[in-house]
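To start, the structure under review is shown below, and the notes come after it.
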Ligand code: NAD
């Protein structure tokens with residue numbers, strides 16, 4: 001089939017390359033000429049394992065091209081996937097739909113007879129209906145659940161597909177697009193527009209709630225002297241609860257969960273439904289960043305003015321260079337404002353971090369970041385950081401003190417190597 005993908009950011013670039021892998025002829029469109037030039041040259045302008053190889057494979061196979069022209073895209077595609085951003089609005093917690101509206105309008109204006117416009121962006125419930133009413137083209141909604149860091153495998157082998165459709169023809173076209181994925185046994189849920197839109201926001205709300213639940217338990221453990229990682233392990237053995245997304249730490253960030261739960265609560269409010277618990281989920285999440293800042297102050301003797309602090313991690317999660325609403329950089333920037341001398345190291349997100357936070361210091365390795373440090377903060381869960389040798393590092397720092405903001409470092413190993421070790425949700429050693 002001839003498909004277009006409008007918006008070639010994290011979601012769209014992945015979707016375009018994966019659709020080519022499924023055998024389709026794909027044209028990716030973006031308003032950002034630099035992004036289009038990079039992708040057309042086989043360079044993915046962000047870190048996503050396996051995506052560069054897939055893009056280059058299909059540039060070479062001739063099944064994947066990129067353009068800045070929406071007109072060209074409208075003329076080319078039978079099915080158009082809209083993957084543009086839906087950030088938080090500047091004036092409220094709602095989603096900014098300017099990009100989605102512009103992309104639908106640009107394609108709808110020039111679309112060929114019988115074209116199907118498929119929204120993949122995460123939107124407030126009611127958006128698909130509004131767009132379908134506004135344009136003389138058929139609309140469907142096919143929300144996306146991929147995880148950055150696993151984007152290619154999540155697109156080619158998703159847990160489920162959700163089609164929000166209003167006609168058999170739209171469902172048939174989408175079944176054709178995803179035929180190899182469906183043939184592999186992927187569950188398909190077809191739904192009306194509002195339900196399809198809600199699957200995505202409800203899924204993100206649930207995941208965020210699970211993380212904030214265990215982080216609230218961490219707060220209680222801190223107050224009562226319990227150990228949240230032991231608590232989480234025991235809770236996770238209950239199959240009704242499950243152990244995933246149950247690790248206490250500095251909380252979630254990124255370009256999706258924070259803005260999605262705010263937009264969901266905001267939209268529900270417009271509909272007269274109170275999802276006030278999501279505001280508490282958000283508040284718990286932000287309090288964990290405060291807690292790391294407070295621990296840093298405590299360990300530095302009451303204030304961080306003049307302290308050398310090494311921050312391990314800048315990306316909002318491992319296997320990504322995405323720094324949108326990154327807890328690590330938020331904490332780093334706050335400590336810098338408090339007068340600390342902060343040096344950050346991240347295996348992939350250095351360029352993005354440097355652009356967004358030019359006043360922080362940056363090191364070329366974890367070792368360099370740690371040299372002479374009074375305190376180390378471990379804030380992004382890269383496997384490289386777990387593999388660090390605390391014995392060797394103890395000789396590099398000025399004072400061996402570390403806060404594990406992700407709850408994955410081996411406390412006994414670090415303590416045995418002479419480190420003062422603190423983690424969230426665990427009692428301070430006597
Ligand atoms: P992004 O900012 O990385 O990419 C959006 C792209 O759209 C940018 O390259 C931008 O230049 C382009 N764009 C904006 N307006 C355009 C227009 N009118 N025509 C063509 N291109 C246009 O964002 P993202 O992370 O890829 O997210 C996109 C959507 O997917 C959001 O709604 C997000 O919530 C959702 N989503 C993201 C992920 C993820 O992991 N990143 C996962 C699932 C869903």
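Read the figures in this text as sums done on the coordinates, not as results from a lab. Since the model is a prediction, treat every value here as computed from it, not as a measurement. Ideal geometry is used to build each Cβ from the backbone, glycine not excepted, and the neighbour counts take in all protein chains shown.
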Kirkwood-based Rg to Rh ratio, the range 231-304, C-alpha trace: 1.10
Sorted on mean Cβ neighbours within 10 Å (highest first), peptides 91-97, 6-12, 318-324 come out as 6-12, 318-324, 91-97
Neighbour counts of other C-beta atoms within 10 Å: give me 364, 220, 344 arranged from fewest to most. 364, 220, 344
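Relative contact order, percent, of the range 16-75 when contacts are C-alpha pairs under 8 Å separated by at least 6 residues? Spell out each step's value before the answer.
Values: 79 pairs, mean separation 27.6, N = 60.
In percent, rounded to a whole number, it is 46.
Going by how many other Cβ atoms sit within 10 Å of their own, how do 311, 152 line up, fewest first? Before the final figure, lay out each step's value.
Values: 311 34, 152 19.
Ordered from fewest to most neighbouring Cβ atoms within 10 Å, 311, 152 come out as 152, 311.
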Over the chain, relative contact order from alpha-carbon pairs under 8 Å, at least 6 apart, %: 12
Taking 267-275, 369-377 and ranking on average Cβ neighbours within 10 Å, highest first, one gets 369-377, 267-275
Most fluctuating of 86, 380, 172 in the GNM of the chain (C-alpha, under 10 Å) is 172
Per residue, how big is the convex hull of the chain when only Cα atoms are used? Give it in Å³. 150
Between the alpha carbon centres of the range 390-419 and the range 15-74 the gap in Å comes to 43
Once normalised by the length of the range 2-191, the mean sequence separation of its alpha carbon contacts under 8 Å that are 6 or more apart gives a contact order in percent of 20
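For a quick check: sort 419, 141, 382 by the number of other beta carbons within 10 angstrom, fewest at the front.
Numbers: 419 21, 141 32, 382 24.
Exposure proxy ranking, most exposed first: 419, 382, 141.
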Centroid-to-centroid separation of the range 305-354 and the range 240-270 [C-alpha atoms, Å]: 21
When the helices in the chain are scored as -39500 (n - 2.57) per DSSP H run of 4 or longer and the sum is shared across all residues, what 222 nm value do you end up with, to the nearest 500 deg cm²/dmol? -13500 deg cm²/dmol
Sticking with the crude label model, points 7 Å out along Cα→Cβ, report the distance from residue 192 to residue 398 in nm, one decimal please. 6.4
